[in-house]
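Please treat every number below as a calculation from the coordinates, not as lab data. Just so it is clear, the model here is predicted, and its values are computed rather than measured. Every residue, glycine among them, receives a Cβ derived from its backbone with ideal geometry; neighbour counts consider all protein chains shown.
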Amino acid sequence: MDTKKNMTDSIATLSQEGNISIIKLDDGKANAFSYAMLAKVNELLAEVPRDSGALVITGREGIFSGGFDLKTLATGDMEKITSMVQLGYRLLLELFSFDRPIVAAVSGHSIALGLFITCSADYRIAIDGQYLCQANEVRNNMDIPMQIMEILKARVNKKYFYSAVYHSDAYSVQDSIEVGYIDEVVSEEQFMDRVIEKAKELATLPHPFYANTKKTAQDEVRQKIATSIEKYENIIGIKK
């Protein structure tokens, strides 16, 4: 029992470097967002200051995240599936509207929910390599709901919106800069140094002025996302 608990705890960890909080995802595989992974990230977020510093979210070597846990989706257990998906939606809204700056340190492939979490960050730095960013839902017989679509609309370059979102095209991390998924690509040797450097720079933005400005800019989008989540929770019978 203790071993199981330790394994669950280790799928996401929180560390500090000065006033920079670092959440690292590492399930040893594809960094799939299972219910356990999502719950752990939410637990760690509760420990991150909302009035100072900055937050870095990163993955394991070669993979930021492959998205929702496919094993859970394959079970056909609608209670487990809807609980996982609902928690994922809530995490996206939390990150998108977080009071302090977030840097996504994209350590490899960023797919589906992994990509949407990347897009929820204020600044996205990818490691240089043969890695892909892809919203692959349509090609996998799924639609993209409003609570995710609003984040994509706020991020994806209009020139690429059809190919990226409707057609589920995959892009290299280098091409993802023009698409709007990524802000900067850095060599492996410089990757985390640059991530921390950028996080420290953003951490100097004063509170509450950063948070207030972000809320004003995001107000309409946040309301649409929150309303869509509430509708989903009403449909599946989750009571807050």
**Report entry** 18 Å reach of a label modelled at N140, 7 Å along Cα-to-Cβ, counting backbone N of the range 30-53
**Finding:** 30-39
Query - Label-point gap, in nm, between H207 and V221 - each point 7 angstrom along Cα→Cβ - result: 2.2 nm
**Report entry** Residue order, fewest to most surrounding Cβ atoms within 10 angstrom, among T13, T82, T216
**Finding:** T216, T13, T82
Query - Extended-chain gain in nm, criterion 0.36 nm per residue less alpha-carbon gap, R50 and A170 - result: 39.8 nm
Requested in this report: Pop a pseudo-label 7 angstrom from the Cα along the beta-carbon direction at both K153 and E178 and give the gap in nm to one decimal.
Outcome: 2.6 nm
Query raised in the report: From the backbone phi of the range 211-217, what are the Karplus-calculated ³J(HN,Hα) couplings (6.51 cos²θ - 1.76 cosθ + 1.60, θ = phi - 60°) in whole Hz, Gly and Pro given as x?
Result: 4, 5, 5, 4, 4, 5, 5
Report summary line: Sparse-neighbourhood loop hits (GluC sites (Glu not before Pro), the range 1-98; DSSP loop; Cβ within 10 Å at most 16 others) -> E47, E61
Query raised in the report: What length, rounded to one decimal in nm, is gained on full extension from I235 through to A74, with 0.36 nm per residue of separation minus their alpha-carbon distance?
Result: 55.9 nm
Query - Burial ordering of T118, T72, T227, fewest other beta-carbon atoms within 10 Å first - result: T227, T72, T118
Query raised in the report: Can you pull the Kirkwood radius for the range 172-228, inverse mean 1/r over Cα pairs, to one decimal in Å?
Result: 14.1 Å
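May I ask you to sort M142, M78, M192 by Cβ crowding, counting other Cβ atoms within 10 Å and putting the fewest first?
M78, M142, M192
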Requested in this report: Using label points projected 7 Å from each Cα along Cα→Cβ, tell me how many nm separate E197 and K29, to one decimal.
Outcome: 3.7 nm
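What translational diffusion coefficient, in µm²/s and rounded to a whole number, does the Stokes-Einstein relation yield for the range 1-130 at 37 °C and a viscosity of 0.692 mPa s, taking the hydrodynamic radius as the Kirkwood radius over Cα pairs?
221 µm²/s
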